[in-house]
1. Would you mention how many residues in the range 173-184 are within 12 Å of the ligand (Cβ to nearest atom), modelled with pLDDT of 95 or more and not aromatic (Phe, Trp, Tyr)?
2. Consider LEU156 carefully, then state whether it is touching a residue at least 24 places away in the same chain (Cβ under 8 Å), more than 13 Å from the ligand (Cβ to nearest atom) and more than 21 Å from ASP228 (Cβ to Cβ).
3. Is at least one residue of the range 117-128 aliphatic (A, V, I, L, M), assigned to a loop (DSSP other than H, G, I, E, B) and within 16 Å of the ligand (Cβ to nearest atom)?
4. Return yes or no: is VAL245 open to solvent by less than 10 Å² (accessible area, probe 1.4 Å), closer than 30 Å to LYS6 by Cα and modelled with pLDDT of 95 or more?
5. Does MET216 fit the bill of being buried (at least 19 other Cβ atoms within 10 Å of the Cβ), part of a helix (DSSP H, G or I) and in contact (Cβ under 8 Å) with a residue 12 or more places away in the chain?
6. Which condition does VAL208 not pass, out of (1) assigned by TED's automatic domain parsing to the domain that holds ILE118; (2) within 13 Å of the ligand (Cβ to nearest atom), if it passes all the others?
7. Please name all residue pairs, on different chains or six or more residues apart, with Cβ atoms under 6 Å, provided the first residue is in the range 61-81 and is assigned to a loop (DSSP other than H, G, I, E, B) and the second residue is basic (Lys, Arg).
8. Does GLY30 fit the bill of being within 21 Å of LEU227 (Cβ to Cβ), out of contact with any Ser or Thr (no Cβ under 7 Å at 6 or more places or on another chain) and loosely packed, with under 15 Cβ neighbours inside 10 Å?
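The values are calculated or read from the model by the stated rules, or taken from the named source; none is laboratory data. Everything numeric here is computed off the predicted structure, so don't read it as measured data. No Cβ is skipped: glycine too gets one built from the backbone with ideal geometry, and neighbour counts run over all protein chains shown. Ligands, DNA and RNA are excluded from the accessible area calculation, which covers all protein heavy atoms including side chains. Shrake-Rupley method; radii C 1.70, N 1.55, O 1.52, S 1.80 Å.
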Amino acid sequence: MKKEMKKILVTGSVGQIGSELTMELRKKYGAENVIATGRKTKPTAELEASGPFYYIDVVKKDSVEEIIKKHDIDTIYHMSALLSAVGEKDPMLCWDVNMNGTINILNLAVQYEMARVIIPSSIAVWGPGTPAIAPQECALKPTTMYGVTKVAGEVLADYYVRKFGLDSRGLRYPGIISSETFPGGGTTDYAVAIYYEAVKNRHYTCFVREDTKLPMMYMPDCLKSTLDLAEADFSTLKHHNDFNVGSMSFTVRELADSIRKYIPEFTINYEPDFRQAIADSWPDAVDDSAARSEWGWTPAWDLDTMTRDMLEKLTEKHKKGLI
Ligand code: AKB
C-alpha cells in the first residue's frame, strides 16, 4: 500500500534549487513535515531556523535510511548532484554522487513504499548534433560526465517505474537563475554571476562567448514547474523522469543588453574557458510540448521581467552588505 505525501525529505537542500525548494515546500506542507538535508555545506540561518536539518551523504545509504526511519518519510525530492563544470574536474566523484546517490534513493523509495520521488534531470542530457530546439524524443549523447549521469538517472528511474511501480518523476532543468543561493559548479552559472557583478562592479568577465545561447529559467518558474509536476495526477503522465521544460532562451549579448536597460553603464568582456565546449554541446532551446499537454506547464517569466526582479533583489542585498 503506497503512502500519501505527508513527510518529505529533501536531499541537496543547501544547493541553489534545494534551498528555495525547501522553503516553498515548508510553506505548503508545514515546516516540521519537510526534512532538509545536506552533505557538508552549512545551511543558511534562515533554512536552519525554519525546520529540521540533518547532515547525510546520499552515497552512504545508511545515513539516508536513518532519517527516513526517524521521520517516517514518504516522499523524496532528490536534489543533490554534482553539476557539469565541477563534474569535468572530478568525473569519478560526479559518477559516484550522481549515480550511487540516485540508486540509493530509488532503492530506499521502493523498500519504504514511498508515495513519490522527484529526481531532477538537465539539458545536459544532450550532446553535439542535437537539433537547436531539442525535441522531447531524440538521441541522448552527452559529452560530459554530468550529462552521462543524468541520462543514466532518467533511464534508471523509468526502469523503477516499470519494474517496481515506483512513482518517480523528473524535469530536464535548463540553467536556473536566482538571487538567493549562488549555484555551484555549473556551466550556466554565468547567467547568475552576471547579475551579481552588474550590481556590485558594473562589469562582468564572462567565461563563454557572447553568442552562446542556452535555455534558461527564473527560480519562481523552476519551483512552479517542480511542484506542478510533483502534484500532477500519475495516470495523466505518459513520460515520467525526462520532461523537457522550457521558459526562455537568450545569448549572453542579449542578457547584457537586458541588464543595460536598467544599468546603462554596465560593461562586459569575454574570456572563454573549458566551459565553452560544454555550453556548445547543449541545445539553444527545448520543445516542452509534452510537459504542456501532460501536466499543464506554462512559464510566467521572460528575460526582461526576470532582469528587473533580479536587479531589484540583488541591489537590496548589496545595500545591506549581504553580497
Ligand atoms: C549546469 O550548468 O551544469 C546546470 C545544468 C544545466 O544542469 N545548471
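1. Matching residues across the range 173-184 total 5.
2. On the way: touching a residue at least 24 places away in the same chain (Cβ under 8 Å): yes; more than 13 Å from the ligand (Cβ to nearest atom): yes; more than 21 Å from ASP228 (Cβ to Cβ): yes.
Taking the combined requirement at face value, the residue satisfies it.
3. Our first condition is that a residue be aliphatic (A, V, I, L, M); within the range 117-128, this holds for 117-119, 123-125.
In the following step, the residues that additionally are assigned to a loop (DSSP other than H, G, I, E, B) were identified as 119.
Subset that is within 16 Å of the ligand (Cβ to nearest atom): 119.
Yes, there is a match, as at least one residue in the range 117-128 is aliphatic (A, V, I, L, M), assigned to a loop (DSSP other than H, G, I, E, B) and within 16 Å of the ligand (Cβ to nearest atom).
4. Details: open to solvent by less than 10 Å² (accessible area, probe 1.4 Å): yes; closer than 30 Å to LYS6 by Cα: yes; modelled with pLDDT of 95 or more: yes.
Considered against the rule, which asks whether it is open to solvent by less than 10 Å² (accessible area, probe 1.4 Å), closer than 30 Å to LYS6 by Cα and modelled with pLDDT of 95 or more, VAL245 comes out as yes.
5. Numbers: buried (at least 19 other Cβ atoms within 10 Å of the Cβ): yes; part of a helix (DSSP H, G or I): no; in contact (Cβ under 8 Å) with a residue 12 or more places away in the chain: yes.
Answer is no for this residue.
6. (1)
7. From residues that are assigned to a loop (DSSP other than H, G, I, E, B), the pairs are ASP72/LYS7; ILE73/LYS7; ASP74/LYS3; ASP74/LYS6; ASP74/LYS7.
8. Numbers: within 21 Å of LEU227 (Cβ to Cβ): yes; out of contact with any Ser or Thr (no Cβ under 7 Å at 6 or more places or on another chain): yes; loosely packed, with under 15 Cβ neighbours inside 10 Å: yes.
Criteria met by GLY30.
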